[in-house]
Amino acid sequence: MTLKAQLVTKVYGKKSNVFTALKGVSFEIQDGESVAIIGKSGSGKSTLMHVLAALDHADSGVVSLNGQDISKFSPTKLDTLRNQQFGFIFQQFFLNGRESVLENVMLPLKISGTPARERKERALYALEQVDLSDKAKNKAANLSGGQKQRVCIARALVTKPSIIFADEPTGNLDSENGKLVINLLFDLNKAKGITLIIVTHDIELARLCYRRLYMKDGKLAEIKR
C-alpha cells in the first residue's frame, strides 16, 4: 500500500486560540518501507501519525492510500480500513487488564465479526509470533511491561495488516525489553513486508528505519535515508 500526504495541514482551536500542528506536510511512503517520524515534543509528529492512520482528519491537503483520498471514505469504510488494513501499537498499551491475553488479542476480530473459532486460531497464531503462547490464558494485568507490549504487537498483527503504526513503542520499556520489541517489529517488516511507521524520540530506533522524517514546528524539516 502506498500512503501519500500532500500539503497536509491540521489546526486545533478557534479564533484567537489557534494552534497549527501541521503546516503543509508532503511525502510518500511505499509498500514495505520502514519509516521513522522524529522530532521534539510539539513538533507535530504524533499528529501526523494520527492523520495518516485515519484516527484524525486533515483540515486541508490530502492523505491518499493507493491513490484514493481517505477523506472521501464513508465512516464504515474508514472503520474497516482501521480494523483490517492498519495495525496500531501505542506506548500506553490500552489492554483490558481484567481480560485474558487471548481475549485482548481477539478484540479487533470480534469487532469485525470474525467467527469465534477463526478468532481464536488467528489470535493464538499471533501470540505464537511474539513468543507468548504460554500466556494466552493469563490476565493481561499480570504481565510485565515488555510482555504487554508484545501482546499489543500480537493484537496489531491479528488482522494481517498492511501497515503498522507504532507511537513510541519502546517508551515505557527498559532497554532489554525495548530491544526485544524493536527486533520483533523489524523482523515482521522484513519477513512479512508489513509497512512500519514509527513515531519516536529514540534516535537509535529511528536509525534502524529505511527512512527518517524529521518534523520541526509542524513542518517536515528533512528526509534522510
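What residues have an amide H closer than 5 Å to that of residue 22, excluding those fewer than 5 places away on the same chain, when H is modeled at 1.01 Å from N in the peptide plane?
Residues meeting the criterion, in which the H sits 1.01 Å from N, are 10.
Rounded to whole Hz and in sequence order, give me ³J(HN,Hα) for region 135-147 from the Karplus expression 6.51 cos²θ - 1.76 cosθ + 1.60, θ = phi - 60°, writing x for Gly and Pro.
So the J values, rounded to whole Hz, are 9, 4, 8, 5, 5, 4, 5, 8, 8, 6, x, x, 5.
Counting alpha carbon pairs within less than 8 Å and at least 6 residues apart, what relative contact order, in whole percent, applies to region 3-224? Please report the intermediate quantities before stating the final value.
Details: 421 pairs, mean separation 68.1, N = 222.
Relative CO of region 3-224 lands at 31 percent.
Going by average Cβ density within 10 Å per residue, which order do the peptides 98-104, 162-168, 116-122 take, highest to lowest? Show your work: numbers first, answer last.
Details: 98-104: 19.0, 162-168: 22.6, 116-122: 14.3.
My ranking of the peptides, most packed first, is 162-168, 98-104, 116-122.
From the phi angles alone, apply the Karplus equation (6.51, -1.76, 1.60; θ = phi - 60°) to region 37-49 and give each ³J(HN,Hα) in whole Hz, x where the residue is Gly or Pro.
Here the 3J(HN,Hα) series is 10, 10, x, 6, 4, x, 7, x, 5, 6, 4, 4, 4 Hz.
Net charge near residue 185, counting Lys/Arg +1 and Asp/Glu -1 over other residues with Cβ under 12 Å of its Cβ?
Details: positive: 150, 179, 190, 192; negative: 187.
With Lys, Arg at +1 and Asp, Glu at -1, the net is +3.
Just report the Cα centroid separation between region 133-156 and region 191-208, whole Å.
A separation of 21 Å, based on Cα centres.
Run the quick spin-label model on residue 66 and residue 98: label points 7 Å from Cα toward the beta carbon, then report their separation in nm to one decimal.
Between residue 66 and residue 98, the label points sit 4.0 nm apart.
Which FRET efficiency value, to the nearest 0.05, do you get for residue 221 and residue 137 by plugging their Cβ-Cβ distance into 1/(1 + (r/R0)^6) with R0 = 41 Å?
E(calc), rounded to 0.05, equals 0.30.
Report the gain in length on full extension from residue 186 to residue 12: 0.36 nm times residue separation, minus Cα-Cα distance, nm rounded to one decimal. Could the numbers behind the result be given before it?
Working: separation 174, 0.36 × 174 = 62.64 nm, distance 3.38 nm.
Length difference between fully extended and current span is 59.3 nm.
Counting only residues 5 or more places away or on other chains, whose amide H sits under 5 Å from the amide H of residue 34 once H atoms are built in the peptide plane?
Under 5 Å from the amide H of residue 34 lie the amide H atoms of 196, 210, 211, each far enough along the sequence or on another chain.
How much net charge surrounds residue 41 when only other residues with a Cβ under 15 Å from its Cβ are counted (Lys, Arg +1; Asp, Glu -1)? Don't skip to the answer; put the middle values down first.
Numbers: positive: 40, 45, 216; negative: 167, 168, 202, 217.
Spelling it out: positives minus negatives among the neighbours equals -1.
Roughly how many debye, to the nearest 20, is the charge dipole of region 37-191 about its Cα centre, given +1 on each Lys and Arg Cβ, -1 on each Asp and Glu Cβ, and no other charges?
Charge dipole of region 37-191: 340 debye, to the nearest 20.
Work out the FRET efficiency for residue 201 and residue 55 from their Cβ-Cβ distance, taking R0 = 25 Å, and round it to the nearest 0.05.
Numbers: r = 20 Å, r/R0 = 0.80.
Once rounded, the FRET efficiency stands at 0.80.
Only loop residues by DSSP count here, and only those with at most 15 other Cβ atoms within 10 Å; note down the chymotrypsin sites (Phe, Trp or Tyr not before Pro) in region 25-96 that meet that. Walk me through the numbers before you get to the answer.
Working: sites: 27, 73, 86, 88, 90, 93, 94; in loops: 73, 93, 94.
Filter output for region 25-96: 73, 94.
Once you list every other residue whose beta carbon is under 14 Å from the beta carbon of residue 108, what net charge do they have if Lys and Arg are +1 and Asp and Glu are -1?
+3
How many percent of the alpha carbon pairs in the chain exceed a separation of 32 Å? It would help to have the intermediate numbers written out before the result.
On the way: 4648 of 25200 pairs.
Distances greater than 32 Å cover 18 percent of the Cα pairs.
Stretched out fully, how many nm does the piece from residue 175 to residue 1 gain, at 0.36 nm a residue minus the Cα gap?
59.4 nm
Of 77/160; 10/139; 40/139; 23/179, which sit over 28 Å apart, Cα to Cα?
Values: 77/160 17 Å; 10/139 39 Å; 40/139 36 Å; 23/179 34 Å.
Flagged as over cut-off: 10/139; 40/139; 23/179.
How do the peptides 213-225, 184-196 rank, highest first, by the average count of neighbouring beta carbon atoms within 10 Å per residue?
On the way: 213-225: 15.5, 184-196: 17.2.
So the order, starting with the most tightly packed, is 184-196, 213-225.
Quick query: amide H of residue 58 versus all other amide H atoms, modeled in the peptide plane; which residues come in under 5 Å with a sequence gap of 5 or more or a different chain?
none
By per-residue mean of other Cβ atoms within 10 Å, what is the highest-first order of 200-210, 144-154, 30-40, 9-19? Please report the intermediate quantities before stating the final value.
Numbers: 200-210: 16.9, 144-154: 22.0, 30-40: 19.0, 9-19: 10.7.
Averaged packing, sorted descending, gives the order 144-154, 30-40, 200-210, 9-19.
A short reminder: the numbers here are calculations on the coordinates, not readings from a lab. Computed from a predicted structure; not experimentally measured. We place every Cβ from the backbone using ideal geometry, glycine too, and count neighbours over all the protein chains shown.
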